[in-house]
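Only the coordinates and a few stated rules stand behind these numbers; no lab work does. Just so it is clear, the model here is predicted, and its values are computed rather than measured. Here Cβ is always computed from backbone atoms with ideal geometry, including for glycine, and neighbour counts include all displayed protein chains.
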Amino acid sequence: MTTQPVRFYQVGSFAVGNRLLDDDGRTVQSDPNRTNSLDSGHRACQGCGEALGARYALDAAMRASQGRLVAVNATGCLEVFSTPYPETSWRIPWLHSLFGNAPAVATGVAAAMKAKGRPDVRVVAQAGDGGTVDIGFGCLSGMFERNDDVLFICYDNEAYMNTGVQRSGATPPAARTATTEAIGSVAGNPFGQGKDLPRIAMAHDVPYVATATVADLHDLEEKVERAMQVHGARYLHILVPCPLGWGSASSDTIRVARLAKETGLFPVFEAVDGKVTGVSPIRHRTPVEEYLSIQGRYAHLFGEHPRTDIISRIQAMADRNIATYGLLAEALADTDPKGVDV
Amino acid sequence: MERPFAITLDVGSSHANRTGSWRVERPIYVDRLPPCNDACPAGEDIQRWLYQAEPGDYEKAWRQLVEDNPFPAVMGRICYHPCETSCNRAQLDEAVGINAVERFLGDHAIERGWSLPAAGPDSGKRVLVVGAGPAGLSATYHLKRLGHSVSLVDSAPKLGGMMRYGIPAYRLPRAVLDAEIARIVALGVDVVLDRTVEDIRRERDEGGFDAVFLAVGAQLGRRVDIPAGDSSRILDAVSLLHQVADDDPPMLGRRVVVYGGGDTALDAARTARRLGATDAVIVYRRNRERMPAHGDELEEALDEGITVRWLSTVNRFEHDRLVLEKMRLDDEGFPQPTGEFEELGADSLVLALGQDTDLSLIDEAPNVAVDDGVVEVLPTMMTGESGVFAGGDAVPSPRTATVAIGHGKRAARGISAFLSGEELVVPVRHELASFDRINTWYYSDAPRTERPELERVRRQSTFDEVVEGLTEENALFEARRCLSCGNCFECDNCFGVCPDNAVIKLGPSQRYEFDYDFCKGCGICVTECPCGAIDMIPEQI
Amino acid sequence: MLRQIEGSRAVAETVALCRPEVVCAYPISPQTHIIEAIGAMVASGALAPCEFINVESEFAAMSVSIGASAAGARAYTATASQGLLFMIEAVYNAAGLGLPIVMTLANRAIGAPINIWNDHSDAMAVRDSGWIQLFAETNQEAADLHVQAFRLAEELSLPVMVCMDGFILTHAVERVDLPEQPQVDAYLPPYEPRQVLEPDDPVSIGAMVGPEAFEEVRYLAHLRQLDALERIPAMATEFEEVFGRPSGALVSPYRTEDAEIVVIALGSVLGTIKDAVDARREAGDRVGVLGITAFRPFPSDAVREALSRARSVVVVEKAFSIGFGGVLSTDVAMATHDTGCTLRTIVCGLGGRPITRRSLEEAFAAAAQDELDSLTFLDLDHEIVERERTRMTTTRRSGPSAENILRDIGTVASRMD
Amino acid sequence: MFQVRIHGRGGQGVVAAAEILSMAAFAEGRHAQAFPSFGSERMGAPVVSFCRIDDRPIRTHEPVMEPDALVVQDVTLIHQVELFAGLSTDAYVLVNTSRSFDELGLGEFFGGFHPDRLLTCPATELALEYLGRPLPNAVLLGGFAALTGQITLDAIGTAVRERFPGAVGDRNMAAAAAAFRFVTLEEEEMVHASTD
């Protein structure tokens, strides 16, 4: 019988699972035997994007490394909510040292494995945006420059959430935090130059750099898979909404992340050896208002006297991303589906 | 070696922390009524058989389908598919081509020679079914499955009723009709043809039947008194279609005018074209918006070159020309005469002004209440006369084959309950699965696969089938466009998106359950469920 | 094998014999020669398997060591002064996690004013970090202590810092009897971690510990350091059996048997002190010396024991707690509070100021006459101090003191004004 | 214990000189201790290094305050640093120059010293002749051996070859030997002069 690829409509290209696919074609998360690297019982807030992102990424890394994985963790929400004595939620070997040294500690683990002749054991380092773009930046740059065999994952929730939502180098303009209150002429975080870690990583010419969100599991898992196929310093930047810090509904965590991508505010792309090799295009272009208005941290932009001036500046940022990365290209989503043949 | 105190912790220890206690709302899985199922007059579980068709298990899908309707191939051709009209996907891109998939399954079953489920164990009860149209045949099928023996009586020489004598072959090839009827008869039915029942009570008592189902349809074409010359040729659409079905088409001439605005009028006009008429003109007293005929039927007719004189009535027929009076619609939308007249050349006039039911067979059954020419029935389809049931065009309802088939099923169940002296239990309907509960993101954008049509020219001159079916590929394609509104289809989203791993996957077709020990009640699963099969309810605190 | 060799080189070659698997390097005087030498040995393949990593900061150096040690590798690094302070957060962390890292500290002053020369301010700054701190008197001892340090660290799951005076020892070319590989292998068993990152047996290391257990964790670390008080002498004995020479101890007494005055000090200055003490003995003073090899854990009992017959103790320190006085003195005072002997502190050698035998002799003589102040700054130029004090009282914007003083002593050209 | 202080500038191998001297002493089975005056090493900066030689272990780590011998690798230093601090009149002094002490204007200063312990030696010229580079340190050690008799030329040779393996060592050794001969001749002349 002639077979033609039939795109999977009902289950969609974007759902976690797909009953018409055979097991190895499915996402790691659809597998009942997934590792659950970050296990139940952790103390993350309801709807925590970071908890979700961490399990997504590490489960995928576990599959890619056939379970030979060691994780290093910077101080932050993820560390605090996952390992309060006497309970740990990690099902994989895990080490927490300090806030600013996760990349270096991971380098040490990788070096140890190399010296001990254990090439099978792969090393992941993970930190929040503070531990990545701010206090851990020096160590991270060193790790990149030496091209140490570590996959560094930044779970970006755009502020210091663990300490009570203070501004970080990754906090976007106009966002309200505990240290950039929505008062005064410049309400919220002032517009700056930003600290584009993925680009900075690319400037180190490391073999693999990618961004992802918790809203597109397939994309995220494929990137982890690809990252694990290479050796050397690799960087994965995952946007993980924080209901508490962003003032969004706990049930909207994935929706918010999806909008960040669909507005163009968070470009999702992939770079090999310092060159952008692929972007995940916008499927339904969305104005930034739709993204901003469902987050309490931007509430001051709306209400009685909407700050259309600021909103349009933010829209301009989105438009610049769309232009820079070509985010409106022919939607790959439907040309690269979780398809099945009949 | 003993591990350092407190600094080093063992795997799995966090399970001691039952985060479920944080919850103020809990998610629960629900099943909702998909709009397609809700709209199907035959009561088909459309969503389920689409779901079964998706992996390519056509027999399973077909068997699911014929649970409710023994005529997939017929329905796939002549049903006006209200399911598609109500399909949620229409609000996303276009409705799922349910009817096309149904026809594919029906044809597939005929090719493979699949037979209907066998008759049920003999109940010892005998039921008389009068009329072998869609209602009668459907009732027969369901009665057989319930174990009753059936005598099926019809005045026509062949089974099928209006499916055969009212619907032209170019819409419903006879081979298809015969095949699906044969499957029912094969269940063991006592068929009596060319016999008209005159007195239902006598028939029942002499035949010793325990119950009767009247499905006599509406066979009498309505006539109106139109002044006409002797030579003028006037006939009604029902007879025209009937004679064509009997391969004894009447002479209509070159110019045929059809008077009426229903589907029958369109069938008559399109049939006239195929019988050789160069001009086939429909005269209708209202405008297009108020025309009862189904839209796509009209489209196909216009494609074939049929023309329509809107807002016109036939005043008189003078041997080779009609005098039409122009009408206008009043505020209530009723046509009012204008006193303006025009002429229209015509060799024959076909009246398609609706049909009436011949109820003479219940003259001796005074308990059977009749109103406006049709029989009054209870929800069980039983008439005022105990043990006498009725359905199809003979009862108040839209006169379509699908409705009739639904009547047949419901009547069969009513009769069965009556025979066993039980109360007919109608299953409770779930809440409707509305579009606003759908998370459309997860469904890829996909246009509907249109059924290819024969070249218009061929179609005009022959009775070949107008609309071809789907290939297997695009049937699957179409089936997979179903959103599975309101019912879990195991996409694993809830299992995947839970930050607390509080969803347990129970395995293929077992769906999932929540682990309330750890579910914090964040509600992400609810937001991200594509088909809206999860609700959030307050915790009892 | 006897060698006339630079102290740094001797330490580097000895560390290499200990088969470290991960070594981190970040340059800072005066430890740089050690790391350079190890790097060369790794590059030449003389030391293998070993990962030699040039990191971007001392903070990273200690962090990489933490990761390596937690992954079951024998980890080593070296630093000094500002470098130690820059890594101090990780220094505490390594001890808190109980990771047996060995680090050489080439003792050096801490700025400002920036100063690359030797004193003990850096070691004192991390005295409470939970590391074991051993002080070497000679390059021979510096080399030998590293062999013992790895074994001690790994037995107790505690990091060990071997302190050697910057330049004075690190850059001094002296006779050293270098250990042989078979000896080291016989003395130092392979590293068997108490906790390790292993996919086959996953654990979480570095959990967050609240009030309910933190004090216990700290107390347990304290007990492990107390265990070291038992293990250090035992290891020294075994060391002598294997290597045929005495090396390492909690304390090293010299002529204390009948001493009325006991001088206590850390590190290389002990040699000069011994010369001075011999001289005072000839002059009739009953002086002895007690070198402290193990500063942390502090050998209070051994100190009390050595001072049992002394009436007076003089602590010679290369560091002091500004606004208070001696640091080592405080520990000695605690250890001897019930012995009734008087305690005097001599602060000297800050920022590399030469400690001359002559000055020490004078101080000891004064001590013998009970004429030594309780806190003495050796060879302090009071005139310069007074001049700056005056300057500060007379003019508000008196300028930076360090530069003023340099101008006073004519080391830099005077300001054009 | 015999204590030596060597003065020069960064880049002239002042530290290496003390180190080689200590290695030479070690080669003769004696105890020795060499160390620099610790500064941030930069080309041209005044540098001092020290060496102690003894028959028993050397414990002290103080700088050499009262040297028994002074080696000046760079004559331009004589008016800058306190070059002769702590110097007793019994000390040996070896200065790298082709000029005499009188020509250097030091005749008066050294009046009370033993003339046979004072010597200038054109080490840089010898270095240029033998090594092709102005590195006077090894050369001066040859002179030092001849002047002080504290160490044999052979021991210097052993140390130089250990410090500079191969041809470089050989050439340095040749230069040192030349300096040794030069100093021996000067000494002999001085003896004749005094006996005449």
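Model label points for A:Asp24 and D:Glu82, set 7 angstrom from Cα along the Cα-to-Cβ axis, are 8.3 nm apart. Scanning residues 5 or more positions from B:Gly147 or on other chains, those with amide H under 5 Å from its amide H are B:Gly120, with H placed 1.01 Å from N in the peptide plane. Working note: Karplus 6.51/-1.76/1.60 with θ = phi - 60° gives the range C:279-293 the couplings 4, 5, 4, 4, 7, x, 7, 8, 10, x, 10, 10, x, 9, 8 Hz, where Gly and Pro are set to x.
Backbone amide hydrogens, once placed in the peptide plane, bring B:Arg222 within less than 5 Å of B:Leu353, B:Gly354, B:Gln355, B:Asp356, excluding anything fewer than 5 places away on its chain.
How would you classify the range C:56-157 from its alpha-carbon gyration tensor, with a ≥ b ≥ c the square roots of the eigenvalues: rounded for a/c under 1.5, else prolate if a/b is greater than b/c, otherwise oblate? Oblate is the answer for the range C:56-157, as a/c is 1.5 or above yet b/c matches or exceeds a/b. Put the Cα centre of the range B:368-443 next to the Cα centre of the range A:304-318 and the gap is 58 Å. Spatially, the range A:63-80 and the range C:279-351 are offset by 49 Å when compared through their Cα centroids. Among A:Thr35, A:Leu217, A:Met143, which residue has its Cα furthest toward the positive end of the charge dipole of the range A:5-341, with +1 on Lys/Arg Cβ and -1 on Asp/Glu Cβ? My answer, from the dipole projection, is A:Met143. For the pair D:Glu187 and B:Val24, label points projected 7 Å from Cα toward Cβ lie 10.0 nm apart.
Pairs of Cα atoms under 8 Å, at least six residues apart: use those to get the relative contact order of the range B:238-354, whole percent. Value for the range B:238-354: 30 percent.
3J(HN,Hα) along the range B:195-209, derived from phi through the Karplus expression 6.51 cos²θ - 1.76 cosθ + 1.60 where θ = phi - 60°, amounts to 9, 9, 7, 9, 10, 5, 5, 4, 3, 5, 5, 5, x, x, 7 Hz, with x in place of Gly and Pro. Sum up the charges of everything whose Cβ sits under 11 Å from the Cβ of A:Gly232, counting Lys and Arg as +1 and Asp and Glu as -1, but leave A:Gly232 out. Charge balance in the 11 Å sphere: -2. Here the dipole of the range B:228-354 is about 300 debye; that uses its Cα centre as origin and unit charges on the Cβ of Lys and Arg (positive) and Asp and Glu (negative). The mean sequence distance of close C-alpha pairs (under 8 Å, at least 6 residues apart), as a share of the length of the range D:2-195, puts its relative contact order at 20 percent. With R₀ set to 30 Å, the beta-carbon distance separating B:Leu302 from B:Arg429 gives a calculated FRET efficiency near 0.20. Relative to one another, the C-alpha centroids of the range B:25-99 and the range C:1-65 are positioned 74 Å apart. Tell me the angle of helix C:214-243 to the major Cα principal axis of chain C, expressed in degrees between 0 and 90 and rounded to the nearest ten. Helix C:214-243 and the main axis of chain C meet at about 90 degrees. On the beta carbon distance between C:Ala112 and A:Ala323, with R0 = 56 Å, the FRET formula returns roughly 0.65. Take every pair of alpha-carbon atoms less than 8 Å apart whose residues are at least six positions apart; their mean separation over the length of chain A yields a relative contact order of 19 percent. Here the 3J(HN,Hα) profile of the range C:381-392, calculated from phi with Karplus coefficients 6.51, -1.76 and 1.60 at θ = phi - 60°, is 8, 4, 4, 4, 4, 4, 4, 5, 4, 4, 3, 5 Hz, Gly and Pro shown as x. For chain B, the dipole from Cβ point charges (+1 on Lys and Arg, -1 on Asp and Glu) about the Cα centre works out to 360 debye, to the nearest 20.
The length gained on full extension between B:Asp363 and B:Lys60, counted as 0.36 nm times the residue separation minus their Cα-Cα distance, comes to 104.5 nm. Around the amide H of C:Leu375, modelled in the peptide plane, lie the amide H atoms of C:Thr345, all under 5 Å away and 5 or more residues distant in sequence or on another chain.
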